[in-house]
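Here, each number is a calculation from the coordinates, and none is a lab measurement. The structure displayed is predicted, hence computed values, not measured ones. Every residue, glycine among them, receives a Cβ derived from its backbone with ideal geometry; neighbour counts consider all protein chains shown.
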Amino acid sequence: MMIFPEPMFWMGAITGGAYRRGFHLNMFCMSLNKAECREEFAADEAAYLQKFKMTDEQRQAVLDRNYLEMLKLGANVYYAFKVISHDRKPPQVMYGQMAMPPLSFEEFQEMMLNGGRSIDGNRSVKEQENG
Amino acid sequence: MARIVAGMGTSHVPGVGAAMDNGKTGEDYWVPLFKGFEPIREWHKNNVPDVNIVVFNDHATSYALDNYSTFTMGVAEEFKPADEGWGPRKVPMIQGHPELAWHIVENLILNEFDMAVTGDLDLDHGCSVPLSIAYDQPDAWPTPVIPLLVNVIQYPQPTALRCFKLGQAIRKAVESFPEDLTVGIWGTGGLSHQLGGERAGVVNPDFDTKFLDNLVDDPLANTRLSHTDFIREAGSEGIEMIMWNVMRGAMNEKVREVYRFYHIPVSATAYGAIILENE
């Protein structure tokens, strides 16, 4: 039995399940730490993604910069960070896009400047559903 | 003998380093944060130890899913700032302290803490941002650094209690080092933040304040927090706070709080800092 079952309260946590599902997706993200890999990815994103044993769904999520989908497919946010950095965009763009409902960069910044998202109602899926 | 003289806790948000490196600290967004750093820097100017042990985590920079140890100690002569995807930060090389690092590693392993050891590692913002917060922008960092990396990303992370006990074992190891050295220890990361997923932007000032209060007066209370407590109350990334327990475990039972600073937001994070001196 897994001690940390899936789903954990929140996607993006690298539990054993997410580790297995997201291994190649995360290792692709990690590769962008190297300048030569960033160049190769920039030159032909789809071809570069073929070098990793990812699923087609995972590749599409990267091409679409659909960060929420990437997380659902096993990515962790610190790994996804490499992709938004590659695009030379601030991470708040990614955080806002993943948020539900989605927030623009400006909206996300404003939420944080107003003290951030309240923990009340957000401790668990159950608490969130109960509003 | 060597001894631990002081501890610092600080968040290590990469945006802080970027703001400094790109000359943005005068912008409205950053002014309150850097104002809050002033007493930290003033204290550090007057309290430079011979060595700092910096407890932090690698953020998919040098370590990833292919090989990620629970606790890793850096024993190299020096460490480069890492390329985390946008080129390395233009900050000084970080000098190590191999003699003390090896002494600690040997003692920890004989004390049942099975450390991983690295002699070649590029260090990411987890280490360089705390140095920038404490020491601003010098030509060279004023102390050598022993990096201690903790897995806080991949489940299961070490428990909050294990981190505290590691701190206790580090203290014992330091105190058996024959040379007369003063040692600082920094716990970094946190405080509450949720970067990924649908509740991105969650912070929890009540939880953070309680954690900081306990850190001073009732540190064992912070060792009873579970993985689930952190993910629920402090966001998925809030579990970085277990690294502050390593620092606290290395300090005396009674400590003096010299300074505390708390500020929201830094990027999507609640920033916290604390300086503790042994009573």
task: Compute the normalised compactness of the stretch A:54-95: alpha-carbon radius of gyration over 2.2 N^0.38 Å, N being the residue count.
output: 1.04
statement: Correct semi-axes for the stretch A:40-131, from √(5λ) of the alpha-carbon gyration tensor and rounded to whole Å with the largest first, are 29, 17, 9
- prompt: Over what distance in Å are the Cα centres of the stretch B:189-267 and the stretch A:79-131 separated?
  reply: 20 Å
Rg and Dmax of the stretch B:156-279, Cα atoms only, in Å: 14.8, 52
- prompt: What is the stretch B:32-110 by shape, rounded, prolate or oblate, if you read a ≥ b ≥ c off the alpha carbon gyration tensor as root eigenvalues and call it rounded for a/c under 1.5, prolate for a/b larger than b/c, and oblate otherwise?
  reply: oblate
query: Working out 0.36 nm times the residue gap between B:HIS263 and B:GLN168, then minus their Cα-Cα distance, what length gain in nm do you get to one decimal?
result: 31.3 nm
field: FRET efficiency for B:GLU42 and B:ASN278, using Cβ-Cβ distance with R0 set to 25 Å, rounded to 0.05
entry: 0.80
field: Taking N as its residue count, the alpha carbon Rg of chain B over 2.2 N^0.38 Å
entry: 0.91
query: Roughly how big is the protein assembly as shown's charge dipole about its Cα centre, with Cβ charges of +1 (Lys, Arg) and -1 (Asp, Glu), in debye to the nearest 20?
result: 520 debye
field: Cα convex hull volume per residue for the protein assembly as shown (Å³)
entry: 135 Å³
- line: Calculated from DSSP helices alone, with each H run of at least 4 adding -39500 (n - 2.57) and the total divided by the residues of the protein assembly as shown, [θ]222 nm to the nearest 500 comes to -12000 deg cm²/dmol
- prompt: What ranking of B:VAL117, B:VAL13, B:VAL255 emerges when the number of other C-beta atoms within 10 Å of each C-beta is taken as an exposure proxy, fewest first?
  reply: B:VAL117, B:VAL255, B:VAL13
field: the stretch B:28-166 - Rg over Rh from alpha carbon coordinates, Kirkwood radius
entry: 0.97
message: Please report the spacing between the Cα centers of the stretch B:87-159 and the stretch A:12-69 in Å, no decimals.
response: 28 Å
query: Once the Cβ-Cβ distance between A:GLU110 and B:ALA18 is put in as r, and R0 is 22 Å, what FRET efficiency do you end up with, to the nearest 0.05?
result: 0.60
- prompt: Hey, if you put +1 on the Cβ of every Lys and Arg and -1 on every Asp and Glu Cβ in the stretch B:197-270, which of B:VAL246, B:VAL266, B:ASN222 ends up farthest toward the positive end of that dipole?
  reply: B:VAL246
Charge sum, other residues only, whose C-beta stays under 11 Å from B:ILE153's C-beta, Lys/Arg counted +1 and Asp/Glu -1: -3
